[in-house]
1. Looking at the range 136-160, I want the residues that are under 14 Å from I286 (Cβ atoms) and have a partner that is part of a helix (DSSP H, G or I) with Cβ atoms under 8 Å, at least 6 apart or on another chain. Which pairs are those?
2. Applying the selection to the range 1-20, what residues are touching a Gly at 6+ places or on another chain (Cβ under 9 Å), in a loop (DSSP other than H, G, I, E, B) and either crowded, with 21+ Cβ neighbours inside 10 Å or of a type in the set (S, T, N, Q) (or both)?
3. Considering only residues that are in contact with a helix residue (DSSP H, G or I) (Cβ under 7 Å, 6 or more places away or on another chain), over 18 Å from S329 (Cα atoms) and among the small types (G, A, S), which ones fall in the range 12-69?
4. Here are some residues: K379, K347. Which one is of a type in the set (K, R), outside the structural domain of N113 (by TED's automatic domain parsing) and either surrounded by fewer than 18 Cβ atoms within 10 Å (Cβ to Cβ) or under 28 Å from the mean Cα position of the chain (by Cα) (or both)?
5. Anything in the range 476-498 that is loosely packed, with under 13 Cβ neighbours inside 10 Å and either within 19 Å of G510 (Cα to Cα) or among the aliphatic types (A, V, I, L, M) (or both)? List them, or say none.
6. Using beta carbons and a limit of 9 Å, which pairs, at least six apart or on different chains, have the first residue in the range 176-195 and at positive phi and the second one modelled with pLDDT of 95 or more and aliphatic (A, V, I, L, M)?
7. If you check every pair at least six apart or on different chains, which have Cβ atoms under 8 Å apart with a residue in the range 486-498 that is closer than 16 Å to S436 by Cα first and a residue that is β-branched (V, I, T) second?
8. All but one of (1) in contact with a strand residue (DSSP E or B) (Cβ under 9 Å, 6 or more places away or on another chain); (2) acidic (D, E); (3) without any contact (Cβ under 8 Å) to a residue 24 or more places away in the chain hold for E102; state the number of the condition that does not hold.
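The values are calculated or read from the model by the stated rules, or taken from the named source; none is laboratory data. This is a predicted model, so every value here is computed, not measured. We place every Cβ from the backbone using ideal geometry, glycine too, and count neighbours over all the protein chains shown.
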Amino acid sequence: MKIGVPRELSPGENRVALTPQSARDLAKLGYTCVIEAAAGIGSGFSDDGYRDAGVEIVSTADAVWASADIVAKVCPPETEEMKHLAPGKTLISFFYPSLNPELLEQAKATGANVIAIDMVPRISRAQKMDALSSMANIAGYRAVIEAGNNFGRFFTGQVTAAGKIPPAKVLVIGAGVAGLAAIGTATSLGAITYAFDVRPEVAEQIESMGAEFVYLDFDGGGQDGAATGGYAAPSSPEFREKQLAKFREIAPQIDIVITTALIPGRDAPKLWLADMVAMMKPGSVIIDLAAERGGNCDLTVAGQRIVSEEGVIVIGYTDFPSRMAAQASTLYATNVRHMMSDLTPAKDGIVFHNMDDDVIRGATVAYQGGITFPPPPPKIQAIAAAKPKEKVKELTPAEKRAREIAAFKTQTRNQIGLLVIFTALLLLVGAYAPESFISHFTVFVLSCFIGFSVIWNVSHSLHTPLMAVTNAISGIVILGALLQVGSSNWLVVFLAALSVLIATINIVGGFLVTRRMLAMFQKS
């Protein structure tokens, strides 16, 4: 079977659904590829590169649609493209069926199979096909770069001979894939980064990336967490009012706002209102990644850059992934290739459209002349329900004291028991062993006891640096072993040589670990 890729018709779209590398991978699945001439130029892929990968180059899009059994696109198909579909053909592209019911009806009328890559369920097995996450990752990164291009100052703080420059303060609203990418980029550029999300479980992820989570003092239960598929759920009116009040409180301090909040099947919620824009300093920047769905900011105009009366720049571009077309095309083509891999279980170039497969069924919106959207919920949930946290009872001073005494008594009993066992062992050995052995054995037992006491209660997170330093003690072992190497007893010589070898490994390893840890804190 043949996979065809026409040039994208959407104005300003530079991405392409096939790269030379993905064409080679598809060939391993048994497919041949055909692409319209110059379809990959906007992404930096020349026709010669495709030819070298074994891809057939045709001069028109009509030739692609006519010869291909499967057509892969990036953007939803235009009306003039839909006429090329027919029974037996398969289309793979972004489709947004909930926003394009008329397009869905046209697909039904053609009798073709339509796989909406944006409808891939968010389950672990489908992550390799999740084009929404791939493009959102690029959009989050590019949003910070675009903000820096429009922001008239450094992101990082500096102290120079000409004066002190404070770091920029960045607020990211929504900590999905795009939001986390924006947080990571802004933090790496040196900005003081804040982030907010209605899902409290993402706070740990945000803080692990070096940003500060914006908490709300809210007891109304409106912070609803994640809905089906791992997306944020709508918040209650009371929670929304508390959320807006918090944004108004911090708005005057923020230099850059990046909004990413979207709920599937709904218009983008308004989170950064006109009065908040007015509170920001002149020259501040707002990047609205939800502009295509109405925007999270009141002043956002889709596809445009505007400047408010207060001098705040509001950017509503809808083509952030296309502005990094080479990277976006590479990731998207990989997503398509993985989808084809699932559609071709025998790797023989023949499509098996298994509607019992959660991933294929979830992404299929039209099949054999019927509409299959919306899909049933996947058998495997995207996110397991979180166990309710047990409420920790606050102990009174008397209860704390009683617990400490009980723990002390337990430790004392354990230590006395060990002492009794070791004493009995020493007496038993002393009755039958020679006098020289007793002295060596006593030192051995005491060394084991001291080492156990020193190491056992150390936190696991400290073991590596602790061992890197304390392994130098192995030098003492080497000295002791060297003194015994000259013994006339072959067993003593063997054990001494073995001790030298093991202690040397410990010393070298300890210093190597220390060196690697110090390198983690050095800037290249």
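1. Here the result reads A143/A178; A143/A182; V144/A182; V144/T185; V144/A186; E146/R323, each pair linking the range 136-160 to a residue that is part of a helix (DSSP H, G or I).
2. Result: E8, N14, R15, V16, L18, T19.
3. G54 - this is the single residue of the range 12-69 that is in contact with a helix residue (DSSP H, G or I) (Cβ under 7 Å, 6 or more places away or on another chain), over 18 Å from S329 (Cα atoms) and among the small types (G, A, S).
4. That would be K379, the only listed residue that is of a type in the set (K, R), outside the structural domain of N113 (by TED's automatic domain parsing) and either surrounded by fewer than 18 Cβ atoms within 10 Å (Cβ to Cβ) or under 28 Å from the mean Cα position of the chain (by Cα) (or both).
5. Correct list: I476, L479, L483, L491, L498.
6. As it stands, the answer is G190/A168, since those pairs meet every condition given.
7. Qualifying pairs under 8 Å: S487/V493.
8. E102 satisfies every listed condition except (1).
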